[in-house]
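Visitor: Please read through the structure below; I'll follow up with questions.
Where a number appears in this text, it was derived from the coordinates with a stated rule and is not lab data. Computed from a predicted structure; not experimentally measured. Every residue, glycine as well, gets a Cβ built from its backbone with ideal geometry; the counts of neighbours run over all protein chains shown.
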């Protein structure tokens, strides 16, 4: 393993890059939407009912919104405050990777696993585009670590802490949390032939702890839905919130019922993995394949210093989510800690066994990935968006100097592999967080319009829209949802503002309404990038407009 001094130097730089992303404008849809949902809780002092705009929300449970609302209560309604629980959860996830790696292998594996987890591309992204997965991932791997520790040591403290982690994960995203933490544990008990750990009085205490910790979420669901069978949710009445979270939720995701279908590609998560685990992707795949070969060669018989928790958990989870009809890249986040431990164990073992040829090949791969990252970062800085603040240039020079130093430093290839991988992650995500995303978000209509509203001192309670489409970033930065109305109702009002698209503008004009002042901003769906947008020469061809008009 690299020296402690270098290790903590890297950790400090990683956290600083996380911090630079805290102050970036919130992304639509999910980040801004979830922030608005938490904002409503604080503004209305209602922490039991979940609403998505004006509609009752029966999908993800409450914990993510409660944590965001708590942060808002402490720090105020700021985008950086919304991101604090996610970042803290990621730090918990890193510490849990260390704990699990140390428990299953050794301290060096644990330390490297934490570093790999924190520098995986999707973890960087999850701390700027914060959804429920940041909290889910952190507490899921914490629960896996502590419950594995219980299986090995019968510690009552470990099983109770594991139950708390499992309860918070379940209260964040429902059944998927139990699936993701349960499958690796079953694999571990099956391989170690230790199912008797379940037949223990400590398990009953853990179940009680779990029940107590999920009780607030269950009560909130009961209060909002079970007490009101007349409510119609997604075309159905008599919806039980408790039945939904214990049974219906994940089946709706797997089948696509209720929330719809977006992909029947069974290889979606495989090609998604190629980028979400960068810069460790190739090593992770090799580590996985090497582990598979070991188990096949040993006919799955138990071997000393061998574990099946990571390989079994990754494989079964991958298979299950690949058959889901609704897929998104961040669904893989919960597998990142398992991949981090598996990859770290492989690298540490290569160094321990002094497999020079394999290490040299991996170093060559990491140089190649660094080259790709350098090209991508250069394109983002000097082609896609050219204008850069001076602090971005200074930061780039510092990170480039660090990478160059470790590239030229005469030391074992194993240390270079780690240093270059970390350098690649720092370079790319510093560019993304300080330059690319801030420039990109200038084309997010809602947040850009909110800046104009503040600049022109426009009263936010006098803004309307005739479209049912949500404007989450505008709602959050106005700190008030835009009022939804109709053109017919607008005709009975005086001296108001309307937030509208080009199509809405035509409808308003055809209705006979006229307006005076008009503010216009560019609009692009920033989470769905395309080549024409990234190319400055063709960007205008794919831009839409959002308008704010003053009707007297």
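Visitor: Please give the calculated 222 nm ellipticity per residue for the chain, where each DSSP H segment of at least 4 residues contributes -39500 (n - 2.57) and the sum is spread over every residue; nearest 500 deg cm²/dmol?
Guide: Details: 25 runs with 340 residues, N = 552.
So the calculated ellipticity at 222 nm is -19500 deg cm²/dmol.
Visitor: I've got another one for you. At q = 0.21 Å⁻¹, work out log10 I(q)/I(0) for the range 180-323 with the Debye formula, treating every Cα as an identical point scatterer and leaving solvent out; two decimals please.
Guide: These q points yield log10 I(q)/I(0) values of -1.24.
Visitor: Can you tell me the 0 to 90 degree angle between the C-alpha axis of helix 132-153 and the longest principal axis of the chain, rounded to 10?
Guide: 20
Visitor: Along the Cα→Cβ direction, 7 angstrom out, place labels at residue 5 and residue 374. What is the inter-label distance in nm?
Guide: Rounded to a tenth, the inter-label distance reads 2.6 nm.
Visitor: Still on this structure, please answer the following. Could you calculate the FRET efficiency of residue 452 with residue 298 from 1/(1 + (r/R0)^6), where r is the beta carbon distance between them and R0 is 60 Å, rounded to 0.05? Don't skip to the end; give the middle numbers.
Guide: Values: r = 65 Å, r/R0 = 1.09.
Once rounded, the FRET efficiency stands at 0.40.
Visitor: While we're here: Starting from the Kirkwood Rh over alpha-carbon pairs, what translational D in µm² s⁻¹ does the range 92-234 have by Stokes-Einstein at 10 °C and 1.306 mPa s? Kindly include the intermediate steps, with their values, before the conclusion.
Guide: On the way: Rh = 16.3 Å.
After rounding, the answer is 97 µm²/s.
Visitor: Sorted by mean Cβ packing within 10 Å, highest first, what order do the peptides 322-329, 447-454 take? The partial results should precede the final answer.
Guide: On the way: 322-329: 16.9, 447-454: 19.4.
Result, highest mean Cβ count within 10 Å first: 447-454, 322-329.
Visitor: How tilted is helix 336-352 with respect to the longest principal axis of the chain? Cα atoms for both, answer in degrees (0 to 90, nearest 10).
Guide: Helix 336-352 sits roughly 30 degrees off the main axis of the chain.
Visitor: Then there's this: Can you tell me the length gained on complete extension of the stretch residue 405 to residue 155, counting 0.36 nm per residue apart and subtracting the Cα distance? Show your work: numbers first, answer last.
Guide: On the way: separation 250, 0.36 × 250 = 90.00 nm, distance 4.53 nm.
Separation in residues times 0.36 nm, less the Cα-Cα distance, equals 85.5 nm.
Visitor: Same structure again: The range 215-232 to the range 371-428: how many Å between their Cα centroids?
Guide: 51
Visitor: What is the diffusion coefficient of the range 356-442 in µm²/s, taking the Kirkwood radius over Cα pairs and the Stokes-Einstein relation at 25 °C with a viscosity of 0.890 mPa s?
Guide: 180
Visitor: So what is the relative contact order of the range 444-551, in percent, for Cα pairs below 8 Å that sit 6 or more residues apart? Write out the running numbers ahead of the final one.
Guide: Working: 156 pairs, mean separation 34.3, N = 108.
Normalised by residue count, the contact order of the range 444-551 is 32 percent.
Visitor: Assuming R0 = 22 Å, what is the FRET efficiency of residue 270 and residue 383, from their Cβ-Cβ distance, to the nearest 0.05? If you can, show how the numbers build up before the last one.
Guide: Working: r = 30 Å, r/R0 = 1.37.
E(calc), rounded to 0.05, equals 0.15.
Visitor: Whole angstrom only: what separates the Cα centroid of the range 93-156 from the Cα centroid of the range 309-357?
Guide: So the separation of the two Cα centres works out to 12 Å.
Visitor: Which whole-percent values make up P(r) of the range 36-154 when all C-alpha to C-alpha distances are grouped in 5 Å steps starting at zero?
Guide: 2, 12, 18, 18, 16, 12, 10, 7, 4, 1, 0
Visitor: Same structure again: Could I have the simple spin-label model distance between residue 232 and residue 502, label points 7 Å from Cα toward Cβ, reported in nm to one decimal?
Guide: 3.5
Visitor: Next up: First measure r as the distance between the Cβ atoms of residue 412 and residue 205, then evaluate 1/(1 + (r/R0)^6) with R0 = 56 Å and state the FRET efficiency to the nearest 0.05. Each step should come with its number before you reach the end.
Guide: Details: r = 47 Å, r/R0 = 0.85.
The formula returns an efficiency of 0.75 here.
Visitor: Something else: If you count, for each residue, the other Cβ atoms within 10 Å and average over each peptide, how do 430-437, 242-249 line up from highest to lowest? Kindly include the intermediate steps, with their values, before the conclusion.
Guide: Details: 430-437: 23.4, 242-249: 17.8.
Final packing ranking: 430-437, 242-249.
Visitor: Based on the Kirkwood radius over alpha-carbon pairs, what is the Stokes-Einstein translational diffusion coefficient of the chain at 37 °C with 0.692 mPa s viscosity, in µm²/s? Could the numbers behind the result be given before it?
Guide: Details: Rh = 25.3 Å.
It diffuses with D of about 130 µm²/s by this estimate.
Visitor: What Rg and what Dmax come out for the range 444-551 when only alpha-carbon atoms are used, in angstroms?
Guide: Computed over the Cα atoms of the range 444-551, radius of gyration and Dmax are 14.3, 45 Å.
Visitor: Rounded to the nearest 5, what % of the DSSP beta bridges within the chain are antiparallel ones? Provide the component values of the computation, followed by the final result.
Guide: On the way: 15 of 19 bridges.
If I count the DSSP bridges inside the chain, around 80 percent turn out antiparallel.
Visitor: Can you put 118, 189 in order, fewest other beta carbons within 10 Å first? Spell out each step's value before the answer.
Guide: Working: 118 25, 189 18.
In increasing order of surrounding Cβ atoms, one gets 189, 118.
Visitor: Over the chain, calculate the relative contact order: mean separation of alpha carbon pairs under 8 Å at least 6 apart, over the residue count, as a percent.
Guide: Values: 813 pairs, mean separation 85.9, N = 552.
With pairs under 8 Å counted, the relative contact order is 16 percent.
Visitor: Report, in degrees rounded to the nearest 10, the 0 to 90 angle that the Cα long axis of helix 4-22 makes with the longest principal axis of the chain.
Guide: Computed tilt is about 20 degrees.
Visitor: Report the label-to-label distance for residue 88 and residue 306 in nanometres (one decimal), using points 7 Å from each Cα along the Cα→Cβ vector.
Guide: Once both label points are built, they end up 4.2 nm from each other.
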